[in-house]
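Engineer: Below is a structure I'd like to ask you about.
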Amino acid sequence: MERINTPTAQNAVLQLKDVSVSYSPGKYAVKKVNADIFPHTITAIMGPSGCGKSTLLRAINRMHGLYANIQTTGEIILKGKNVLAMDPMVVRRMAGMVFQQPNPFPTMSIYDNVLAGYTLNGIRLNRNEKDEIVEQSLKSVSLWEEVKDVMNKRGSFLSGGQQQRLCIARTLALKPEVLLMDEPTSALDPISTNKIEELLLELKQQYTIIIVTHNMSQAARISDNSMFMYLGELVEHGNTTQMFTKPKHKRTEEYLTGVFG
Amino acid sequence: MKDKIFKSFLFAAALFILLLLAAIVYALVSRSGETFQTYGFWGFVTNSEWDPRSATEEYGALSFIMGTLYTAFLALVLCVPFSFSVALFNGEYFKGKKIAGVVRSVVDLLAGIPSIVYGLWGFYTVRPILIDLGVSVQGFGIILSALVLAIMIIPYASSLSGEFLSMISNNLKEAAYSLGATRLEVVKHVSLPNAASGIVASYILALGRALGETMAVTMLIGNTNRIPGGLRDTGNTMASVIANQFGEADGLKLSALIAIGLLLFIITALINLIAKLVMKKLSHA
């Protein structure tokens, strides 16, 4: 596996340039954020509630396009292309998203849930291709052994942690360039959370992960880089260890030491 | 103590309704007894003769059962495209928008129009159109009744199914969108499958309405006592034959009409039972 030791803007997989998001004219939830995200890293986005971290994450895969009132400006360069100028359907397949609440499709079996990205996009696969994608995707989230004999059961029959891993598998099945995770463990118990965290550390060998988290110790445990946001602005962005030990900004320090949150 | 009094009041009220239902069923059964004794249950249900002349008096319910099924199912089929569109419009595409509220109010208004007014409108407006189109000479019949019935049941089919569609969680729809689905694909693969049992339930509710609807149908169906030869033919439904003939009926004829009432009651009860079973199956499968 190729590792990038000296990150430069050229090998960033994702670049945010002056990204702003407004929910109504003149009211910005995200203000002129600039950041480069490098391959095979986990980036944690932290900050108090309402700071715009989820809003920023959802700008990357054009989720804001679903709501007419939300405007995104600036440039978001994913693999050299500005996603704001692309077809949102294509962008969303390139940037997979995992949500706070595990949301497997309740009318689909576990098997069909993994393949949902293909079904939803009208891509036809033969039986062998399907079996292979399902097995690979479930293995990559360490769910294969647990569910291989109950493939035809509904996804909702699994535990919360298993459901979330199923949702990750569903996203990975489409081979995305980046994996966007919006507080993926906040609805889970500590053991399931732990499993997902271990999983993310494995997945970063192949994927680039951006994770929004409320949980500072989670950010410290798994992320390579951290972004701290406050009132819509990106206050600080850098190496996680450095940020946790020697934050450059007073706001970051106050947040990390629990002065506010 | 107060709690106990309230509880026994609730119990009494519930018991009263049960007894009322039992009383209605008893009245229907006892007063239709003569018919079933004369012809037997299957004899009555499978006979399509309805001849009130005293010399050749003979009564069978099949013509009206068929007339009811023809009109109700045709009305259901005709109402699907409209109520389905309205449901998607209100529950999915324009969910929460002002225009959805306006459409919902207008559709609900349709439910508030008295049956007799629909009958008049069908008689004086829709019937001439059918005559002009050459559907039938008089315009009366299954098609005319079903067309007007279809409009009457649109609110029942659309408001409930729209409700079920709008209840699909955003979380689930966003999951589908995040995988690159278009709106149509989300509707097809997420919204509709998840709301399926509710949508089926609302159509069965609408069918129940159509089966029992009396006034407008009586005015439009042509009131002939035989199995309709086709959709362009005239006929009678179970409800319309009762409405038409109960005033001058006595003896065996009155008993036969009450027997038809009992059958209509049984059919509607069965429809409701089927609806419940379908919903149960769809939500647990």
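Engineer: For A:C167, which of the numbered conditions (1) within 11 Å of chain B (Cβ to nearest Cβ); (2) more than 13 Å from the chain's Cα centre (by Cα) fails to hold?
Structural biologist: Of the numbered conditions (1) within 11 Å of chain B (Cβ to nearest Cβ); (2) more than 13 Å from the chain's Cα centre (by Cα), the odd one out for A:C167 is (2).
Engineer: When you look at B:V241, is it closer than 26 Å to B:P128 by Cα and either part of a helix (DSSP H, G or I) or in contact with a Ser or Thr (Cβ under 8 Å, 6 or more places away or on another chain) (or both), yes or no?
Structural biologist: Details: closer than 26 Å to B:P128 by Cα: yes; either part of a helix (DSSP H, G or I) or in contact with a Ser or Thr (Cβ under 8 Å, 6 or more places away or on another chain) (or both): yes.
It is true that B:V241 is closer than 26 Å to B:P128 by Cα and either part of a helix (DSSP H, G or I) or in contact with a Ser or Thr (Cβ under 8 Å, 6 or more places away or on another chain) (or both).
Engineer: Got a sec? Which helices (runs of 4 or more DSSP H) wholly within the stretch A:178-261 have at least 2 residues that are farther than 27 Å from B:A175 by Cα and among the hydroxyl-bearing types (S, T, Y)?
Structural biologist: A:240-245, A:250-256
Engineer: Sticking with this one: As an exercise: evaluate B:T38 against (1) in the same structural domain as B:G229 (by TED's automatic domain parsing); (2) touching a residue at least 60 places away in the same chain (Cβ under 8 Å) and give the number of the one condition it does not meet.
Structural biologist: The number of the failed condition is (1).
Engineer: B:G222 - would you say it is out of contact with any His (no Cβ under 8 Å at 6 or more places or on another chain), away from chain A (no Cβ under 14 Å), at pLDDT 90 or above and at positive phi?
Structural biologist: The answer is yes for B:G222.
Engineer: Only one of (1) within 14 Å of chain B (Cβ to nearest Cβ); (2) part of a loop (DSSP other than H, G, I, E, B) is not met by A:S142, so which one is it?
Structural biologist: With respect to (1) within 14 Å of chain B (Cβ to nearest Cβ); (2) part of a loop (DSSP other than H, G, I, E, B), A:S142 is out only on (1).
Engineer: Which ones in the stretch B:136-172 are part of a loop (DSSP other than H, G, I, E, B) and among the aromatic types (F, W, Y)?
Structural biologist: Here is the first cut: in the stretch B:136-172, the ones part of a loop (DSSP other than H, G, I, E, B) are B:136-141, B:167-169.
The answer is B:F140, and nothing else.
Engineer: Scan (1) within 14 Å of chain B (Cβ to nearest Cβ); (2) crowded, with 17+ Cβ neighbours inside 10 Å for the single condition A:Y111 breaks and write down its number.
Structural biologist: If we test A:Y111 against (1) within 14 Å of chain B (Cβ to nearest Cβ); (2) crowded, with 17+ Cβ neighbours inside 10 Å, just (1) comes out false.
Engineer: If you go through the stretch B:149-186, how many residues are among the aliphatic types (A, V, I, L, M) and facing another protein chain (nearest Cβ under 8 Å)?
Structural biologist: 6
Engineer: Among B:A201, B:A175, B:A195, B:A181, which is the only one that is part of a loop (DSSP other than H, G, I, E, B), closer than 30 Å to A:F99 by Cβ and either among the hydrophobic types (A, V, I, L, M, F, W, C) or without any contact (Cβ under 8 Å) to a residue 60 or more places away in the chain (or both)?
Structural biologist: Just one listed residue meets the conditions, B:A181.
Engineer: Buried (at least 18 other Cβ atoms within 10 Å of the Cβ) and over 21 Å from B:V80 (Cβ atoms): is that true of B:A195 in this structure?
Structural biologist: no
Residues checked against (1) of a type in the set (F, W, Y); (2) in contact with a Leu (Cβ under 6 Å, 6 or more places away or on another chain); (3) at pLDDT below 95:
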position	(1), (2), (3)
B:E57	no, no, yes
B:A75	no, yes, no
B:F82	yes, no, yes
B:F89	yes, no, yes
B:V102	no, no, yes
B:V107	no, no, yes
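Engineer: What tally of residues in the stretch B:187-200 results from selecting those that are farther than 19 Å from B:A157 by Cβ and at the interface with chain A (Cβ under 7 Å from one of its Cβ atoms)? First the steps, then the outcome.
Structural biologist: Taking the stretch B:187-200 and keeping what is farther than 19 Å from B:A157 by Cβ, we get B:188-190.
From the residues that got through so far, the ones that are at the interface with chain A (Cβ under 7 Å from one of its Cβ atoms) too are B:189-190.
The total comes to 2.
Engineer: Would you please name the residue that is nearest to A:P104 (Cα to Cα), looking only at residues in the stretch A:149-169 that are assigned to a loop (DSSP other than H, G, I, E, B) and among the aliphatic types (A, V, I, L, M)?
Structural biologist: Ranking the candidates gives A:L158 first.
Engineer: Another question, if that's okay. List the helices (runs of 4 or more DSSP H) inside the stretch B:1-95, counting only whole elements, that have at least 1 residues being farther than 30 Å from B:G251 by Cα and either aromatic (F, W, Y) or in contact with a Cys (Cβ under 7 Å, 6 or more places away or on another chain) (or both).
Structural biologist: B:2-31, B:62-88
Engineer: Quick check on my filter: what residues within the stretch A:155-203 are within 20 Å of B:S178 (Cβ to Cβ), surrounded by fewer than 18 Cβ atoms within 10 Å (Cβ to Cβ) and among the charged types (D, E, K, R)?
Structural biologist: Those that are within 20 Å of B:S178 (Cβ to Cβ), surrounded by fewer than 18 Cβ atoms within 10 Å (Cβ to Cβ) and among the charged types (D, E, K, R): A:K175, A:E177.
The values are calculated or read from the model by the stated rules, or taken from the named source; none is laboratory data. Note that the structure is a prediction, hence the values are computed from the model and not measured. Glycine also receives a Cβ, built like all others from the backbone with ideal geometry; neighbour counts cover every protein chain displayed.
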